[in-house]
Amino acid sequence: LGSFVLLGVFPWLARKGVEAMQKRKIYARWRAVRPNTFDRNLVVIGAGAGGLVSAYIAAAVKAKVTLIEVHKMGGDCLNYGCVPSKALIKSAKLAHQMRHARRYGLHDAAPSFSFRAVMQRIHDVIAAIEPHDSVERYTGLGVEVLQGYAKIINPWTVEVALNDGGKQVLTTRNIVIAAGARPFVPPLPGLDDVGYVTSDTLWDTFARLNEVPRRLVVLGGGPIGCELAQSFARLGSQVTQVEMAPRIMMREDEEVSALARDALTADGVQVLTGHKALRCERDGDTKVLVVEHNGAEKRIAFDELLCAVGRTARLTGYGLEELGIPTQKTVETNEYLQTIYPNIYAAGDVAGPFQFTHVAAHQAWYAAVNALFGGFKKFKADYSVIPWATFIDPEVARVGLNEQDAKERNIAYEVTKYGIDDLDRAIADSEAHGFVKVLTVPGKDTILGVTIVGTHAGDLLAEYVLAMKHGLGLN
């Protein structure tokens, strides 16, 4: 009996022993500065989706938690991403529907509007949602919120340069890094000279304009570039979208990219795929983007240029270098979201592999729970069912594998496809275009992935997300 018990217990003891040795090795250089007591159970750096959810969970279990943010509470989603972009998309869609009212038995009407009023509405929407992510709300939940710049001094100490000029030093058992990401600005010669906006800066910059930009160049053919290109075209801009790849929305299947391109083109966007941006110039008072296509240069005049070529994780300035925490494009973590220091975690855009608000919140659960209760049980972050949507019109929504992914990974699949042009509700709404495409295991109804293109695709996808998460088959 004793032998059987030892056989069962030995692997667990061996694993714990290896973990203890690894811990001892990684913390060796810091042993002299390890505090005997701690001010906090958890310190969270960054008050975007990942940081807010981490702090919320810690406060809910009555842990002592401090949340540190140097800029705006709510992070990218509230201030620069989800919220303002969807407010813009709504105004642009209404303008589009007015121009095409004949589809609904009404008279077409050219929308008359003030662009300043459109942009002011966006800022009003942000202001209306701000209390959800505010200092006051989180303080009321039991979170200590410090507004300042955080730097990790050692694995248990965080120094905060407060925005009011003061300084505060906190000792903590655990740290969650949720510093987010910033727009990537390509190193184009002349770009600073002509000026540009990003998905972060356009909301304030364009709010000062009296009219919609007459000629707008959008660099980038990903979801952000496509959403903004279509919206500004619907509001009256002459939009040119420049993408170096052979098609826009490269993560989606080719037929999805083709439908997206057709939709943008129908709204007046000039989509230039296979065009590489070379440099920016000034020709008198005219700003020009020079691109290369098939070996020949082409000049595109513009009034405003929007860089939407992706986002890059914030990796510098808050102590990662000094601690030797490995970074590449993101902070390197294990499956529990731990860095090389088991008490320091990362979540959200700074950790990857997906740059979505809902994934940041998803990771925050694992980071916070593992940080606070990892001594009893740790949970591996699960990315098996991650949905996302691109809110062009028609919407593109996706979960799991598409055909492109399945082929790259040599995963066998069968396709079941339904055309939305056959859907009664879509016909009644004069929105009868798009499809639902489901990939299943050959000979079974196990769902591998779903792509939906059409009006309300993001809403329709939820049923499949639920099915995949709980193993419900297509039948």
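The values are calculated or read from the model by the stated rules, or taken from the named source; none is laboratory data. Keep in mind that this is a model prediction, so the values were computed, not measured. Here Cβ is always computed from backbone atoms with ideal geometry, including for glycine, and neighbour counts include all displayed protein chains. Areas reflect the complete protein model, heavy atoms only, side chains present, ligands, DNA and RNA absent. Shrake-Rupley method; radii C 1.70, N 1.55, O 1.52, S 1.80 Å.
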Meets criteria (open to solvent by 60 Å² or more (accessible area, probe 1.4 Å), modelled with pLDDT of 95 or more, in contact with a helix residue (DSSP H, G or I) (Cβ under 7 Å, 6 or more places away or on another chain) and among the aliphatic types (A, V, I, L, M)) for residue 61: yes
Being under 20 Å from residue 206 (Cβ atoms), surrounded by 15 or more Cβ atoms within 10 Å (Cβ to Cβ) and in contact with a Lys or Arg (Cβ under 8 Å, 6 or more places away or on another chain), is that true of even one residue in segment 250-266? no
Is it the case that residue 71 is out of contact with any Gly (no Cβ under 8 Å at 6 or more places or on another chain), at pLDDT below 95 and either open to solvent by 40 Å² or more (accessible area, probe 1.4 Å) or among the β-branched types (Val, Ile, Thr) (or both)? yes
For a quick check of your reading: which strands (runs of 3 or more DSSP E) sit entirely within segment 250-356 and have at least 1 residues that are free of Cβ contacts under 8 Å to residues at least 12 places away in the same chain and of a type in the set (A, V, I, L, M)? 296-302
Looking at 116, 102, which one is touching an Asp or Glu at 6+ places or on another chain (Cβ under 6 Å) and open to solvent by 70 Å² or more (accessible area, probe 1.4 Å)? 102
Could you identify the single residue in 158, 125 that is β-branched (Val, Ile, Thr) and free of Cβ contacts under 8 Å to residues at least 60 places away in the same chain? 125
Kindly list the number of the only condition in (1) in contact with a helix residue (DSSP H, G or I) (Cβ under 8 Å, 6 or more places away or on another chain); (2) of a type in the set (A, V, I, L, M); (3) assigned to a loop (DSSP other than H, G, I, E, B) that fails for residue 106. (1)
Does residue 85 meet the test of being part of a loop (DSSP other than H, G, I, E, B) and more than 30 Å from residue 325 (Cβ to Cβ)? no
Hey, among 453, 465, 441, which residue is more than 25 Å from residue 223 (Cβ to Cβ) and modelled with pLDDT of 95 or more? 441
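Here is a yes/no grid of residues against (1) closer than 30 Å to residue 160 by Cα; (2) assigned to a helix (DSSP H, G or I); (3) free of Cβ contacts under 8 Å to residues at least 12 places away in the same chain:
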position: 8; (1), (2), (3): no, yes, yes
position: 16; (1), (2), (3): no, yes, yes
position: 24; (1), (2), (3): yes, yes, yes
position: 35; (1), (2), (3): yes, no, no
position: 47; (1), (2), (3): yes, no, no
position: 54; (1), (2), (3): yes, yes, no
position: 68; (1), (2), (3): yes, no, no
position: 93; (1), (2), (3): no, yes, no
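Is it true that residue 340 is hydrophobic (A, V, I, L, M, F, W, C), open to solvent by 30 Å² or more (accessible area, probe 1.4 Å) and in contact with a helix residue (DSSP H, G or I) (Cβ under 8 Å, 6 or more places away or on another chain)?
Taking the combined requirement at face value, the residue satisfies it.
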Exactly one of these conditions fails for residue 459: (1) closer than 19 Å to residue 251 by Cα; (2) within 22 Å of the chain's Cα centre (by Cα). Give me its number. (1)
Which number in (1) within 19 Å of residue 345 (Cα to Cα); (2) open to solvent by 50 Å² or more (accessible area, probe 1.4 Å) marks the one condition that residue 33 misses? (1)
Return yes or no: is residue 129 of a type in the set (Val, Ile, Thr) and in contact with a Pro (Cβ under 9 Å, 6 or more places away or on another chain)? no
